[in-house]
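Below is one structure, written out as structure tokens, with a few remarks after it.
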Amino acid sequence: MPVPRPVFDQNETLAVIAKEQRISAADHFGEPLDLWEKNLPAAFRDRAPRYPKLVLYETNHHLRAGGWDAHERLKDLALDGTSATVLYPTLGHDAWRLDDLELQEACIRVYNDYVIEQCSVAPERLWGLAMIPLGRIDHAIQELERCKKAGLRGAEIPVGQPLDNSYSSERYGKFWAVAQSLDMPINLHINTGTDRIPQDKSGLLPYGVHKFDCMRVLGDLIVSGVMERYPDLKFVISECGSGWIPFFAQEFDYYMMGSSRQATLPRPPSEYLARQVYTVFIGDQVAGDLAEKYGKTNFMWSSDYPHPACTWPNSAASIAQDLGHVSEETRANIVCNTAAAVYNSGQLPPPADPAPTDYQPLDTWNYAVRTDYARVGVTA
């Protein structure tokens, strides 16, 4: 049970937070449904990913034009008082599940080209991440370098590791080294990668709970020495919440430092977590309760726009609920400064644009769809 919070004036705090600068550290594209059909090379086009059941403006994750149109997104950022956004895929994540490596690489390149184009509209506000296919490391490095040169802010790889090539494998060493040299943080979003573990249908806690994947990947990266060998490489675990991290660090230290593996690392796991790992939450009351002690430099907030669970267009109220009781300094780090450090060399973006006075934000924001997915035949 969360600890009681200090009493504060909700209205006064909300008014303060509404004026504070914020960066959403994990938003998404709702990619055009025909992106791959139109843009894949001819040799792959007949196998392009297709989404016949999805409908723009009506279907889960495709409710706002800002999902696929950068100019519309900028309006929605202004309406929510947000200065900049870190951008992940939605449909693009499906490419990692393709068995054909050449098709996978082609689909990911199409997605990255789209991100580069969209972010070029306002690079000071739209901070895109490059999807990276890891089947061929030399190709992965080439794509990483290409996307860095084009202005993207980091690399995204699946949180679900291949069973035969986990991230502890030496085969990734050259990739980690190049990512570190380019200052391209490694981003791992929940529910990405091969669905290799069957879901438990018994009603008990399933094996696929995303915190498990996050813990597993962090464990592999730390215990194998990846973070020791690449001390300047940043890792972002996205949309997994943050409140679990302090307990995970405590338990990891306890079991690691009392095992035979202790001799393989010069420092406890908690130090790697504090030095190189960042976590992103949407709403997390426990993270807010622990923020002053554990989250000042490692927790980041996001709105999750334009997904149905997002806090848009009321992000200030959501931040007030989780972080209204913390110091302004800590809150500024979590909602703004840490994201700027990870993705923009510590430089803050311009303040949020004024909200357009002639723009109706809810015209195409179907609240019925957000709360009743069955109406359009999709799964929440």
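General remarks:
- Any hit, the stretch 135-150, residues being under 23 Å from Asp76 (Cα atoms) and either among the hydrophobic types (A, V, I, L, M, F, W, C) or in contact with a Leu (Cβ under 9 Å, 6 or more places away or on another chain) (or both): no
- If only residues of the stretch 158-177 that are closer than 24 Å to Ile116 by Cα and touching a Phe, Trp or Tyr at 6+ places or on another chain (Cβ under 8 Å) are counted, the one that is surrounded by the most Cβ atoms within 10 Å (Cβ to Cβ) is Pro158.
- Residue count for the stretch 326-351, restricted to those that are of a type outside the set (A, V, I, L, M), touching a residue at least 60 places away in the same chain (Cβ under 8 Å), in a loop (DSSP other than H, G, I, E, B) and surrounded by fewer than 18 Cβ atoms within 10 Å (Cβ to Cβ): 4
- Any chance Ala317 is under 18 Å from Lys19 (Cβ atoms), hydrophobic (A, V, I, L, M, F, W, C) and not in a loop (DSSP other than H, G, I, E, B): yes
- Residue list for the stretch 62-74, filter: in a loop (DSSP other than H, G, I, E, B), at pLDDT 95 or above and closer than 15 Å to His307 by Cβ: Trp68
- Residue within the stretch 51-61 that is under 30 Å from Ala341 (Cα atoms) and modelled with pLDDT under 95 present: yes
- Considered as a group, the residues in the stretch 11-30 that are of a type in the set (Gly, Ala, Ser) and in a helix (DSSP H, G or I) include one that is farthest from Ser315 (Cα to Cα), and that residue is Ala15.
- Scanning the stretch 117-164 for residues that are of a type in the set (Val, Ile, Thr) and more than 17 Å from the chain's Cα centre (by Cα) gives Val121, Ile137, Ile141.
- Scanning the stretch 163-187 for residues that are modelled with pLDDT under 95 and either among the aliphatic types (A, V, I, L, M) or in contact with a Lys or Arg (Cβ under 8 Å, 6 or more places away or on another chain) (or both) returns Leu163, Asn165.
- Some residue of the stretch 213-235 being in contact with a Cys (Cβ under 9 Å, 6 or more places away or on another chain), at pLDDT 90 or above and closer than 26 Å to Phe175 by Cα: yes
- Screening the candidates Leu91, Leu87, Leu103 for the property of being of a type outside the set (Ser, Thr, Tyr) and buried (at least 22 other Cβ atoms within 10 Å of the Cβ) yields one hit, Leu87.
- Filter pass, Leu77 being part of a helix (DSSP H, G or I), surrounded by 21 or more Cβ atoms within 10 Å (Cβ to Cβ) and over 16 Å from the mean Cα position of the chain (by Cα): yes
- First in the stretch 155-173 and at negative phi, second anywhere and part of a helix (DSSP H, G or I) and polar (S, T, N, Q), Cβ under 6 Å, 6 or more apart: none
- Those residues of the stretch 222-280 which are touching a residue at least 24 places away in the same chain (Cβ under 8 Å) and among the charged types (D, E, K, R), in sequence order: Glu228, Arg229, Asp232, Lys234, Glu239, Arg261, Arg267, Arg275
- When the stretch 99-121 is filtered for residues that are at pLDDT 95 or above and in a loop (DSSP other than H, G, I, E, B), the ones remaining, listed by number, are Asp100, Ser120, Val121.
- Residue in the stretch 128-148 that is under 19 Å from Arg64 (Cβ atoms), surrounded by 16 or more Cβ atoms within 10 Å (Cβ to Cβ) and hydrophobic (A, V, I, L, M, F, W, C) present: no
The values are calculated or read from the model by the stated rules, or taken from the named source; none is laboratory data. Just so it is clear, the structure is predicted and the values come from calculations on it, not from any experiment. Backbone-built Cβ (ideal geometry, glycine too); neighbour counts: all protein chains shown.
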